[in-house]
Each structure stands twice: as C-alpha cells, then as structure tokens.
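Worksheet: the structure to be examined is printed underneath.
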Amino acid sequence: MAKARIAILISGRGTNMQALIDAARDPDYPAEIALVISNRPKAAGLDKAGEEGIQREVINHKDFKTREDFDAALNDALKTAKIDFVCLAGFMRVLTGGFASDWRGRLINIHPSLLPSFEGLHVHERMIEAGVKLAGCTVHFVSAEVDSGPIIGQAAVPVLPGDDAEKLAARILKEEHRLYPACLRLLVEGKARLTGATVTYDESITASGALINPPIEQAGG
Ligand code: GAR
C-alpha cells in the first residue's frame, strides 16, 4: 500500500521532527516524511531535514500581513506536495480556525503536558511551581484553540525531587519522541480516528497499569 505523505511544521530545533523521520525510516512504518516547513528561516530543524534529504520550505510569517494569508500559503504548499497528514512539532504559530477545519482529522500536534492541564508556554516551570507529581506529553488533533482538540495519546512521567524545568523537560521530551511516531502510526493506519469531538480506537488498543508517584511500595502502601 502507498505510504501516507506527511508534512512536519517546525519553528525550532526539531527533535520531534527527527523522531518522526527516524520512525519513518523503518520500511514497515506506514508513512513517509515528504515535506518539512518552517515559519522561521533560521530554525535548526531545517538543517537536520536537509541532511536527511527531505524537501524543505520556509514560509516566513513575517512576509504575510494576516494570519489568513500565512495559512493560505501554508495550505498551498501542503496541497502542492499532496500531503495527507500534517504534524506540528514545536510549531509556535497559532493557526486560524479555517486552516484547522480544512485539515480536520489530519492535523495533529504534540504538547509537553498532560492536556488539558498546562496548555500554552513555560509549561515545565509552571508544572514545577504547581507541585504536580505526574507530568507528561499529549498528542492531539488540532482545533481552533491553542493546545486543544481531541486527544490521541498521552505519556506520563514522574516529577522527581530536585527537578528543575530543564530536567523535567528532558524527561518529557524523551517520551515525546516515542509517543509522537506511535500516535501518527495509529492515525495513518486508521486505528485511531476522529469521531465527532473524540477519538475512537480499534478494539486491539487497550492500556493497563498505573504510574503512581511517589511509588506506593515505597510509601508502604
Ligand atoms: C516540544 O517539547 C513540543 O512538545 C513543544 O515544543 C517543543 C519542540 O521541541 N510544543 C509546544 O509547546 C506546543 N504548544 P522540538 O523542536 O525539539 O521538537
């Protein structure tokens, strides 16, 4: 079967982009990374995509008067490259509701928190400040609001004594790199689907077990 054509939208270093590229190198992976677009000309991820021989494009938001114009240019590039699914990977531009609805069910994002908690910016600092004991990341369909939309998958990690934002971010990022390719695979294979406002899964997809912090064995539980 032909592989699904994926575009990855980035603004920065592109480690999630790299994780998707690495996953797609497996001949059994159902998708190929056909295009990387950055809204920032100097995004380090662009160099990495170039080294991988992947088609790259810069669509600089500063060249457009309105969000609608920028999103129209984005849409043109995606349509020209015959893209099936779009993955936002550290893409720090708010997309218009029109764009989100054009790509409904085919546009996903990764965010470094267990949504709907801690959407937005400075997430790791805010989680440490709030004293949460579990943190994590979320892959979700993109809707008109920032960091919202039906959730496809989440990975949880403990927040440990002595964590600062940097240490916590590194622990979460490691899981982002596992979760994103796995969720994209489910989507492309039709094993996770957008059904109205929620996501439905194949019967074969189930979860078990709990991550408890502090561990109950150590707490004498
Ligand atoms: C990642 O942690 C991603 O979850 C986050 O930006 C980082 C990009 O890193 N995205 C958001 O905060 C979206 N609201 P990367 O460029 O190395 O993939």
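Every number in this text was worked out from the coordinates using simple rules, so none of it is lab data. None of the values given here were measured: they were computed from a predicted structure. Heads up, the Cβs are rebuilt from the backbone with ideal geometry, glycines too, and the neighbour counts pull from every protein chain shown.
The alpha carbon centroids of the range 1-40 and the range 135-186 are separated by 17 Å. Relative contact order of the chain, taken over Cα pairs closer than 8 Å and 6 or more residues apart, is 18 percent.
Sorted ascending by nearby beta carbons within 10 Å, beginning with the fewest, 96, 66 become 66, 96.
Taking GluC sites (Glu not before Pro) in DSSP loop conformation with at most 10 other Cβ atoms inside 10 Å as exposed sites, the chain has its longest uninterrupted site-free stretch at 1-202.
Taking only the alpha-carbon atoms of the range 1-113, what semi-axes of the equivalent ellipsoid follow from 5 times the gyration tensor eigenvalues under a square root, in whole Å, largest first? The partial results should precede the final answer.
Numbers: eigenvalues 90, 53, 34 Å².
In descending order, the three semi-axes are 21, 16, 13 Å.
Each listed q (0.15, 0.20 Å⁻¹) maps to a log10 I(q)/I(0) for the range 99-169, found by the Debye formula over equal Cα scatterers with no solvent: -0.49, -0.77.
From the Cα gyration tensor of the range 3-55, with a ≥ b ≥ c the square roots of its eigenvalues, which class applies: rounded if a/c is under 1.5, or else prolate if a/b is larger than b/c, or else oblate? Prolate, since a/c reaches 1.5 and a/b exceeds b/c. Of the residues 81, 108, 155, the one whose Cα sits farthest towards the positive end of the charge dipole of the chain is 81 (charges of +1 on Lys and Arg Cβ, -1 on Asp and Glu Cβ, taken about the Cα centre). When the alpha carbon coordinates of the range 94-221 are projected onto the principal axes, the ranges are 49, 34, 21 Å, largest first.
In a reduced charge model with +1 at each Lys and Arg Cβ and -1 at each Asp and Glu Cβ, the chain shows a dipole moment near 300 debye about its Cα centre.
In a reduced charge model with +1 at each Lys and Arg Cβ and -1 at each Asp and Glu Cβ, the range 80-132 shows a dipole moment near 240 debye about its Cα centre. Would any residue of the range 151-168 have its amide N under 17 Å from a label point 7 Å out along Cα→Cβ of residue 133? List them or say none. Those under the cut-off are 156-163. Using the rule -39500 (n - 2.57) for each DSSP H run of four or more residues, divided by the residues of the chain, the 222 nm mean residue ellipticity is -10000 deg cm²/dmol. In the structure shown, the pairs 42/133; 62/133; 3/48; 65/167; 79/167 are assessed against 29 Å; a Cα-Cα span above that value is assigned to 42/133; 62/133; 65/167; 79/167. For the chain, list log₁₀ I(q)/I(0) at each q in 0.15, 0.17, 0.18 Å⁻¹, using the Debye formula over Cα point scatterers of equal strength and ignoring solvent, two decimals each. Debye output, listed in q order: -1.01, -1.27, -1.40. Only Cα pairs under 8 Å and 6+ residues apart enter the sum, and on that basis the relative contact order of the range 69-200 stands at 21 percent.
Projecting the Cα atoms of 90, 179, 37 onto the dipole axis of the chain, where Lys and Arg carry +1 and Asp and Glu carry -1 at the beta carbon, places 37 farthest toward the positive end. Candidates 64, 192, 127 compared by Cα position along the dipole of the chain: farthest toward the positive end lies 64, with charges placed on Cβ.
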